[in-house]
1. Give me the angle, in degrees from 0 to 90, between the Cα long axis of helix 192-205 and the longest principal axis of the Cα atoms of the chain, rounded to the nearest 10.
2. When the solvent-accessible surface of protein heavy atoms is calculated with a 1.4 angstrom probe, in what order do 411, 481 fall, highest first?
3. Quick one: accessible area per residue over the chain, 1.4 Å probe, rounded to a whole number of Å²?
4. Give me the net charge for the shell around residue 246: Cβ to Cβ below 15 angstrom, other residues only, Lys and Arg +1, Asp and Glu -1.
5. Helix 402-416: angle to the longest alpha-carbon principal axis of the chain, degrees 0 to 90, nearest 10?
6. So how much accessible area does residue 1 have, in Å² to the nearest 10, using a 1.4 Å probe?
7. Hey, if you put +1 on the Cβ of every Lys and Arg and -1 on every Asp and Glu Cβ in segment 1-106, which of 16, 72, 86 ends up farthest toward the positive end of that dipole?
8. For segment 50-88, list residues with backbone N below 14 Å from a point placed 7 Å from the Cα of residue 179 toward its Cβ?
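The values are calculated or read from the model by the stated rules, or taken from the named source; none is laboratory data. Since the model is a prediction, treat every value here as computed from it, not as a measurement. Because the Cβ atoms are built from the backbone with ideal geometry, glycine has one as well, and the counts that use them run over all protein chains shown. Ligands, DNA and RNA are excluded from the accessible area calculation, which covers all protein heavy atoms including side chains. Shrake-Rupley method; radii C 1.70, N 1.55, O 1.52, S 1.80 Å.
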Amino acid sequence: METYGIEKLGIIGPKAVYRNLSVAQLTEAALRLGEGSLSNTGALVVTTGKYTGRSPKDKFIVDTDGVHNEIAWGKVNRPISREKFNSIKEKIAAYLQNREVFIFDGYAGADKTYTQKFRVINELASQNLFIHQLLIRPTAEELASYGEPDYTILCAPGFKCDPEVDGVNSEACIAIDYEAHTIIICGSRYAGEIKKSVFATMNYVMTKKNVLPMHCSANMDPESGETAVFFGLSGTGKTTLSADPSRKLIGDDEHGWSPDGVFNFEGGCYAKCINLSAENEPDIYNAIKFGSLVENVIMNPETRELDFYDGSLTENTRVGYPVDYINNSQIPSKGGIPKVVVFLTADAFGVLPPISRLDKNAAMYHFVTGFTSKLAGTERGITEPQPTFSTLFGEPFMPMDASVYAKMLGEKLDQYGTKVYLVNTGWAGGSAASGAKRMKLSYTRAMVTAALNGSFDSIEFKHHDIFNVDYPTSCPNVPDEMLDARGLWEDKGAYDEAANKLAQMFADNFSSKYPNMPSEIVNAGPKPLSCVELSEFS
């Protein structure tokens with residue numbers, strides 16, 4: 001039996017070893033092993049048990065002399081010793097003995113100058129199908145000459161850690177040894193852990209190759225090749241706004257910005273399914289077909305129809321599929337130098353301008369801050385919006401200090417003259433709690449279009465003193481009054497108070513998380529006013 005070298009990892013005597021099976025073969029294996037069922041569209045549907053999303057407290061990085069001074073240690077990047085890591089790895093290898101093992105040898109990075117080879121070894125055929133569709137798939141010729149991988153991921157959800165013995169926090173463990181080029185994942189069936197481990201690896205490796213790793217979507221003008229990148233946390237419209245029928249989709253989640261342009265790290269997409277409809281998200285809806293892996297969506301056992309509105313298992317329902325399931329995708333997934341960078345936020349306080357232009361230092365400030373806000377929950381009578389600050393719009397996947405990535409962004413903005421805009425897709429004329437409405441999607445699309453086609457270059461801008469940004473006085477296909485966040489509030493004093501409160505949240509977050517950031521970046525952020533100044537301002 002061909003083992004493809006897995007005995008080097010300590011996996012001795014497996015029942016069977018399969019390498020780079022086809023989609024049909026992996027689907028058949030998953031069904032044979034009872035891992036899931038087929039929907040009426042042919043997609044493989046699975047449930048992931050108690051872990052229906054990432055498990056941040058179970059994520060570790062091996063602390064070695066070679067990486068210790070490069071990692072931003074803390075609540076996001078927790079250290080684990082090489083001894084503990086190797087012990088868990090050996091136990092996973094022993095667990096996989098006498099079991100069927102599924103290997104996928106593929107690539108991360110659509111630009112071959114920067115491509116990294118990843119070998120993913122799975123216990124579950126369904127997870128092997130997932131990563132087969134999410135990474136870049138080699139041709140037969142590339143597979144024949146694949147050689148040794150740059151990184152190996154060992155994934156065995158069925159193996160559960162003993163926290164007291166293994167030095168971890170639960171039965172699950174997701175750990176990366178950057179020096180040994182090895183990742184282990186156990187205890188969780190959530191396939192996103194594999195994808196995000198690839199990201200966390202690329203976000204470390206690419207910085208050493210003069211490539212800025214970015215948690216963003218990207219699209220491209222099909223004629224000029226110029227690209228735009230869209231940063232934004234969940235609910236800000238990143239996927240929706242980057243899916244522009246007049247532009248090619250490069251990718252929806254993670255990219256690198258090299259001296260040659262932008263390229264996708266992936267070969268697929270991992271989209272949320274909750275409340276999915278053919279009317280609102282036709283591309284994603286139509287991608288749920290044979291070859292896709294659906295996680296935690298309730299399915300009618302008789303009709304095999306999926307109920308995307310049922311969040312009883314989790315609100316984080318997901319589907320993984322190859323990027324070429326999207327009709328307007330760019331293959332290979334790379335494009336030119338970004339002409340525009342868009343930071344998306346959904347401000348539930350209703351005070352940020354709908355669109356603002358950022359200079360280099362302000363761009364670095366907002367890149368590091370990664371702000372959005374959410375509707376208040378109902379627990380304990382909370383009625384105000386809740387701010388969310390996620391460093392670099394992807395804090396859980398960024399192993400190095402924020403200043404490393406911010407400096408790279410600033411250098412690229414200087415070098416290429418890329419324009420940066422902050423777009424608020426949230427509420428206007430009041431807070432979400434007050435009953436105000438979200439900015440119309442058609443207006444937001446018009447603003448993004450104006451940013452991409454250069455319409456703002458000849459339009460007058462005003463300065464917002466509290467948020468320290470410039471906003472346009474007009475925009476094609478948008479009423480002028482919709483661009484003035486303060487003007488939309490009936491009570492101007494209430495606006496000033498709410499805006500100042502949010503500005504103070506920005507300042508407090510920045511001073512606590514980034515005390516060593518250069519002063520020119522700090523000074524480019526919002527400027528909260530004192531009580532006297534606010535009174536005079538109003």
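1. 70
2. Working: 411 90, 481 115 Å².
Largest accessible area first, the residues go 481, 411.
3. In whole numbers, the chain has 40 Å² accessible per residue.
4. Numbers: positive: 247, 248, 339, 445; negative: 221, 223, 226, 244, 283.
Its environment carries a net charge of -1.
5. That helix lies at roughly 70 degrees to the long axis.
6. 140
7. Towards the positive end, the residue furthest out is 72.
8. 61-71, 80-86
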